[in-house]
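Peer 1: Can you read through this structure? Questions will come right after.
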Amino acid sequence: MAMPDTKLMTLTLALKYSDLQLIETYTRDYDAALSAAAKIPALNRVPTQAVPAGDIKKHTDTGFDLLYRGDEVGARQEFIQARDSLEAQRPGHLEDVDFHNADALAEAGLGDRIAALKAARKTVALAPIEDDVHNGSVYLLTLAEVHAHFGEADEAIRLVERLLNLPVTGDIITTAVLRLDPIWDPIRSDPRFQKLVAAPAPK
């Protein structure tokens, strides 16, 4: 039996509704995703790989849901809030890989390709996949998502192919998620991407 929200700690509540928001985003029920996001409590922190929650993530995820729904004005307001929150904390996070990861997604949502790619490439430099295949894969995925968001199929597909053939594939990305996640829509019609998501998962 699920515990009522009133008995959950703030962080647990944030993670719960962030996960529900993601599920609804995958089903493309953006109204339901936004309703879940509205229940995420205020939590001023940079989202990390270990604990992907907080106001910055909430604003970024909400921004993408609004963008997917066609509300560009509302989406921009959310992305600006995410970016402003990050900028306020930048001095203490200059070499923080999770900070730059969050920054990449916020800048992508705002349509700033140069800033988004700069931040995403910074994460890959700070956490190279050669040093830690699991952690490095998470940040490599963000770089692929940024390329996809801007319709750059060549780079996005090259990175996704690499990720799908790593030993930690199932923990980071799957063909099922590639089929569901709207972040890939700008390159979804590319025959190479269609072939990729139709292929059986690597063993």
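Taken together, the values in this text are just the output of simple stated rules run on the coordinates, not laboratory data. Everything numeric in this text was worked out from a predicted model, so none of it was measured. Don't worry about glycine lacking a Cβ; one is built from the backbone with ideal geometry, like all the others, and counts go over all protein chains shown.
Peer 1: As a quick test, which of the pairs K16/K118; K39/K118; K57/K118 have an alpha carbon distance above 21 angstrom in this structure? Display every interim value, and only then the final one.
Peer 2: On the way: K16/K118 31 Å; K39/K118 32 Å; K57/K118 19 Å.
K16/K118; K39/K118, as the Cα separations exceed 21 Å there.
Peer 1: In degrees between 0 and 90, to the nearest 10, how far off the longest principal axis of the chain does helix 72-89 point, with axes built from Cα atoms?
Peer 2: Helix 72-89 and the main axis of the chain meet at about 80 degrees.
Peer 1: I would also like to ask the following. Report the local net charge at D96: Lys and Arg +1, Asp and Glu -1, summed over other residues whose C-beta lies under 14 Å from its C-beta. It would help to have the intermediate numbers written out before the result.
Peer 2: Numbers: positive: R45, R90, K122; negative: E87, E95, D98, D103.
It works out to a net charge of -1.
Peer 1: What angle, in degrees between 0 and 90 and rounded to the nearest 10, separates the Cα long axis of helix 55-69 from the longest principal axis of the Cα atoms of the chain?
Peer 2: Orientation of helix 55-69: about 60 degrees from the principal axis.
Peer 1: About the Cα centre of the chain, how large is the charge dipole given +1 on each Lys and Arg Cβ and -1 on each Asp and Glu Cβ? Please answer in debye to the nearest 20.
Peer 2: Details: 22 positive and 31 negative charges, 60 e Å.
Here the size comes out at about 280 debye.
Peer 1: Report the normalised scattering of segment 9-122 as log10 I(q)/I(0) at q = 0.09, 0.20 Å⁻¹, calculated by the Debye formula with identical scatterers on the alpha carbons.
Peer 2: Once normalised to I(0) and log-transformed, intensities are -0.21, -1.05.
Peer 1: Moving on to the next point. Calculate for the chain the 222 nm mean residue ellipticity that helices alone would give, adding -39,500 (n - 2.57) per DSSP H run of length 4 or more and normalising by residue count, nearest 500 deg cm²/dmol.
Peer 2: On the way: 11 runs with 132 residues, N = 203.
After summing the helix terms and dividing by residue count, I get -20000 deg cm²/dmol.
Peer 1: What order do you get for F150, F193 when you list them from fewest to most C-beta neighbours inside 10 Å?
Peer 2: F150, F193
Peer 1: As a test of the definition: which semi-axes, in Å, follow for the chain when you take the square root of five times each eigenvalue of its alpha carbon gyration tensor? Largest first, please.
Peer 2: Working: eigenvalues 126, 80, 65 Å².
After scaling each eigenvalue by five and taking roots: 25, 20, 18 Å.
Peer 1: Test of understanding: extend the Cα→C-beta vector of T48 to 7 Å, then name every residue of segment 85-123 with backbone N under 13 Å from that spot.
Peer 2: Under cut-off, by backbone N: 96-99.
Peer 1: So, in nm, how far is label R188 from label Q89 when the simple model puts each one 7 Å beyond its Cα toward the Cβ?
Peer 2: 3.1 nm
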